[in-house]
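Participant: Would you mind keeping the following structure in view while I ask a few things?
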Amino acid sequence: MKRLFRFIAALSLMAAASAQVSAYTTTSCGSGDVSWSSKFRYLYAYTGSFPSGSSYRTALEEAVDRLNDNASGFTFYIIYTSTAPALGNGRSEVWIENISPPGVTNYWWNGSCNMTEADIRMDSSVTWTTSIVKTTNFNYGGSGRPFQTTLLHELGHAIGLGHEADEYNIMGQDWDHIHTNGNYSRAYFGEDASDGSVYLYGAGSGQDLGVVHWKWTGASGAYSAHGRTRLLDPSTGSELSYTVVGGERRYNVVRGQNVRMELTYENNGNSYQYQDVNYYISTNSTVSTWDTLLASRNLGLSPDNVYTSTYDVTIPSNVSCNTPHWLGAVMDPDGSVSELAEWNNATYIPVYVNWTFSCLVITPTLEVTPIQP
């Protein structure tokens, strides 16, 4: 008779019996690690929690799509069912009910360390946002915790990953492991969790690069803590002055000023990438290659680390004064890499170009002397 084990992973609990492998964490099972026996599984979604046409169903599908972007090629397929879910019934399920932590994953494995069931429950008492519009998100002045990031954290548990505190990653503090550009903030799996999926299931064929304005700031118990990347003074290394607008730091700059941009770069794929990164200034928060180019560099990224680094740029002398702008970066600007996701290649840091005497524009007057008859 096969032995059966049960494991609970919740946002309020430290993962038990976990082994440190690189930065990601997995669950030990003797000399091995707990995982599924194949690279795909069915996930039964309860229609009482995710009815057709609801924002929660859309959010569920978005989160599962983000899990499926992992570098190993592991895939969850959703099956909607009206059958009431239950723990320990032999099939993997996801539903919403009133529980204490924001999310809980229960999973079981047999004597061969193969998972046999993984059930995810999301807390109905949390003020969630299921929208990817950033202004609904409490990171950006809204009131809701992003449903997709928390569910993606739980999906990470459901493939065998544990909590992680040593670098910026979805298996730590999930709500601010998020990609933002323009008006949209999206959950994504990230380098560390993808690296863990490759460790558990082997490499797939997917490649993906990303840049975000979040970074690792330390450990909070078993979880990584995250905060915003900053704009710095290159001569002192100190953070520039700012005001908070819509939950975001908007830095005060002037024309011609040299500034140091801090951003986080990730290789979420399965092979080393050496790619261009372009830096721009934009008149809106959607940074793209259509904006004004400030600088460019080459950056080498391996798929086993998260890189938070800085680069110096100069505020152009001809930008509008007394006006908000957005400094930003675009990875793989020429689109040479075929990626699992293209929307995570650009992000921004808000700035406000203050008035100085350099903002005075003197228009020369052309004096015309009439010809005398």
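The values are calculated or read from the model by the stated rules, or taken from the named source; none is laboratory data. Note that the structure is a prediction, hence the values are computed from the model and not measured. Positions of Cβ are generated from backbone atoms using ideal geometry, with glycine treated the same way; all protein chains shown enter the neighbour counts.
Participant: Go through (1) in contact with a Lys or Arg (Cβ under 8 Å, 6 or more places away or on another chain); (2) within 26 Å of Glu342 (Cα to Cα); (3) part of a strand (DSSP E or B) one by one and return the number of the condition Glu62 breaks.
Facilitator: (3)
Participant: Would you say Trp109 is surrounded by fewer than 22 Cβ atoms within 10 Å (Cβ to Cβ), in contact (Cβ under 8 Å) with a residue 24 or more places away in the chain and among the hydrophobic types (A, V, I, L, M, F, W, C)?
Facilitator: Here the answer is no, as Trp109 does not meet what is asked.
Participant: Further, regarding this structure: Here is a list: Ala295, Ala341, Ala346. Which entry is more than 29 Å from Thr75 (Cα to Cα) and either among the aliphatic types (A, V, I, L, M) or in the same structural domain as Asn181 (by TED's automatic domain parsing) (or both)?
Facilitator: Values: Ala341 fails: more than 29 Å from Thr75 (Cα to Cα); Ala346 fails: more than 29 Å from Thr75 (Cα to Cα).
Among Ala295, Ala341, Ala346, only Ala295 is more than 29 Å from Thr75 (Cα to Cα) and either among the aliphatic types (A, V, I, L, M) or in the same structural domain as Asn181 (by TED's automatic domain parsing) (or both).
Participant: Same structure, new question: Residues of the stretch 73-94 being farther than 30 Å from Gly269 by Cβ and crowded, with 19+ Cβ neighbours inside 10 Å, which ones? Before the answer, list the steps.
Facilitator: Applying the first criterion (farther than 30 Å from Gly269 by Cβ) to the stretch 73-94 yields 80-91, 93.
Hits for the stretch 73-94 are Pro85, Glu93.
Participant: Please go through the stretch 103-146 and pick out each residue that is charged (D, E, K, R) and either in contact with a Gly (Cβ under 6 Å, 6 or more places away or on another chain) or in a strand (DSSP E or B) (or both).
Facilitator: Residues satisfying the conditions are Glu117, Asp119, Arg121, Asp123, Arg145.
Participant: Could you check the stretch 224-241 and list, in sequence order, the residues that are within 22 Å of Pro316 (Cβ to Cβ) and crowded, with 19+ Cβ neighbours inside 10 Å?
Facilitator: Scanning the stretch 224-241 gives Thr229, Arg230, Leu231.
Participant: Still on this structure: For the stretch 27-49, check the following and say yes or no: at least one residue is in a helix (DSSP H, G or I), at pLDDT 95 or above, of a type outside the set (S, T, N, Q) and surrounded by 19 or more Cβ atoms within 10 Å (Cβ to Cβ). Even if it seems obvious, please write down each step before you answer.
Facilitator: The initial filter retains those residues of the stretch 27-49 that are in a helix (DSSP H, G or I), namely none.
No; the residues of the stretch 27-49 include none that is in a helix (DSSP H, G or I), at pLDDT 95 or above, of a type outside the set (S, T, N, Q) and surrounded by 19 or more Cβ atoms within 10 Å (Cβ to Cβ).
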